[in-house]
Protein chains: 2
Amino acid sequence: MKKSIGPRTLAFPTPVWVVGTYDVNGKPNAMTAAWGGICCSKPPCVAVSLRKATYSYGNLVHRRAFTVSVPSEAHVREADYFGMASGREVNKFAAARLTPVASTLVDAPFVAEFPLVLECKLIHTLEIGLHTQFIGEILDVKADASVLGDQGFPDIEKVRPIIFGPEIRTYHGIGKYLGQAFAIGKDIG
Amino acid sequence: MKKSIGPRTLAFPTPVWVVGTYDVNGKPNAMTAAWGGICCSKPPCVAVSLRKATYSYGNLVHRRAFTVSVPSEAHVREADYFGMASGREVNKFAAARLTPVASTLVDAPFVAEFPLVLECKLIHTLEIGLHTQFIGEILDVKADASVLGDQGFPDIEKVRPIIFGPEIRTYHGIGKYLGQAFAIGKDIG
């Protein structure tokens, strides 16, 4: 018998992704979003949801582009900061001593020090309620050579992404390897 | 200097969530989705993206309801199986020896053996490309008493959700506690 917890945004895992945008004056901004996920394979798309009150919301509506920079657990403090401060009041990159790099594909900056980056062109905007969902087509994924594995793809154990637990408000690292997808369940059924 | 990996659905972490639906005859089905995430706080909403070719797609369009059951790493084989087999051909619950439980709130079943469950009413459907995104309002979250922490919320270290790495196709467990959100970055800036 399961216990009712109520209508809450309580699901595990949620990502810790840093959304990069430029404001109207070209100032780079970074904000942390946990409300997001991959949403389509073809074209490859990622969704992030932002409140209208955020500075990034206006930037994204204006520029119609964003990046997703995936912080490593070594930068969990900076990622947390990016989720609290507002780019309306401060230059968050400068405050966190991190480096904005202009994407050559879309009109948005990414975080140089974070190992994995998605460059996205806005293709859908959906008003849901408190949050507006922005869907970006992923034009390229870029990664540091130091996190690449044997197949040439980023190795999750080298990227060391952060996992957020909503409501309990905790950050966690990536844990042990459990098995290969589309493989370990094959003997069932 | 980052290396280009190309336009891919490559972001970490992505969830391993099992979407529960009924077909037109009332047969319960479960399919695993990694393309999804929380997408709004008020009303609390979760998004999952499905290909039209899946059996669950038709179920969801017809019933306008779904559940998200969060498997623990102990059920990683069953979760993998739910992502490969089709409910068009088999009763996946029976094959995996797992138990469908009818939600009392929405017209969909959840997985009794999985520790955390979201019961969702479909409120938006968005055609993106290969995938269609379904946004469900979360009417309730239910959890096993055994995974609840001190505050009465599910403890992520007890739920032990699975993390999926796209492209590299690996499953991972939850790792070490890194800190408290909206707290550990406060001394920056």
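The values are calculated or read from the model by the stated rules, or taken from the named source; none is laboratory data. None of the values given here were measured: they were computed from a predicted structure. Please note: Cβ atoms are built from the backbone with ideal geometry, for glycine as well, and neighbour counts cover all protein chains shown. Accessible surface areas use protein heavy atoms only, side chains included; no ligands, DNA or RNA. Shrake-Rupley method; radii C 1.70, N 1.55, O 1.52, S 1.80 Å.
Pick from A:76, A:68: which is out of contact with any Lys or Arg (no Cβ under 8 Å at 6 or more places or on another chain), open to solvent by 10 Å² or more (accessible area, probe 1.4 Å) and either under 24 Å from residue B:13 (Cβ atoms) or within 10 Å of chain B (Cβ to nearest Cβ) (or both)? Show your work before the answer.
Numbers: A:68 fails: open to solvent by 10 Å² or more (accessible area, probe 1.4 Å).
Residue meeting the stated conditions: A:76.
Given the conditions (1) open to solvent by less than 60 Å² (accessible area, probe 1.4 Å); (2) at pLDDT 95 or above; (3) facing chain A (nearest Cβ under 7 Å), which single one is not true for residue B:85?
(2)
Just one of (1) of a type outside the set (Asp, Glu); (2) more than 7 Å from every other protein chain (Cβ to nearest Cβ); (3) under 20 Å from residue B:53 (Cβ atoms); (4) surrounded by fewer than 19 Cβ atoms within 10 Å (Cβ to Cβ) trips up residue B:158, so point out which.
The number of the failed condition is (3).
Within segment A:88-101, restricting attention to residues that are surrounded by fewer than 18 Cβ atoms within 10 Å (Cβ to Cβ) and in contact (Cβ under 8 Å) with a residue 24 or more places away in the chain, which residue is nearest to the other protein chains (Cβ to nearest Cβ)?
First, the residues of segment A:88-101 that are surrounded by fewer than 18 Cβ atoms within 10 Å (Cβ to Cβ): A:88-91, A:94-95, A:97, A:99.
From what is left, the residues that are in contact (Cβ under 8 Å) with a residue 24 or more places away in the chain are A:88, A:91.
On the way: A:88: 13, A:91: 9 Å.
Checking each candidate, the answer is A:91.
Given the condition more than 7 Å from every other protein chain (Cβ to nearest Cβ) and open to solvent by less than 20 Å² (accessible area, probe 1.4 Å), answer yes or no: does some residue in segment B:43-51 qualify?
So the first thing to find is which residues in segment B:43-51 are more than 7 Å from every other protein chain (Cβ to nearest Cβ), and the list is B:48, B:50-51.
Next, only the ones that are open to solvent by less than 20 Å² (accessible area, probe 1.4 Å) stay: B:48, B:50.
Yes: one or more hits.
Enumerate the helices (runs of 4 or more DSSP H) found wholly within segment B:25-107, keeping only those where 2 or more residues are within 30 Å of residue A:125 (Cα to Cα). Full working, then the answer.
Values: elements: B:55-63, B:76-82, B:92-96.
Those helices (runs of 4 or more DSSP H) span B:55-63.
Limited to segment A:122-166, what total is found for residues that are assigned to a strand (DSSP E or B), touching a Leu at 6+ places or on another chain (Cβ under 9 Å) and under 18 Å from residue B:167 (Cα atoms)? Can you show your working first?
Our first condition is that a residue be assigned to a strand (DSSP E or B); within segment A:122-166, this holds for A:122-127, A:131-143, A:148, A:154, A:161, A:163-165.
If we keep only those that are touching a Leu at 6+ places or on another chain (Cβ under 9 Å) as well, we get A:122, A:124-126, A:131-143, A:154, A:161, A:163, A:165.
Filter once more, so that each one left must be under 18 Å from residue B:167 (Cα atoms): A:137-143, A:154, A:161.
Going through segment A:122-166 one residue at a time, the tally reaches 9.
Name the residue that is farthest from residue B:180 (Cα to Cα), counting only residues in segment B:122-147 that are more than 7 Å from chain A (Cβ to nearest Cβ) and surrounded by fewer than 19 Cβ atoms within 10 Å (Cβ to Cβ). Give the steps one after another, and end with the answer.
So the first thing to find is which residues in segment B:122-147 are more than 7 Å from chain A (Cβ to nearest Cβ), and the list is B:122-123, B:125, B:127, B:132, B:134, B:136-137, B:146-147.
If we keep only those that are surrounded by fewer than 19 Cβ atoms within 10 Å (Cβ to Cβ) as well, we get B:122-123, B:125, B:127, B:146.
On the way: B:122: 32, B:123: 32, B:125: 34, B:127: 37, B:146: 23 Å.
The residue in question is B:127.
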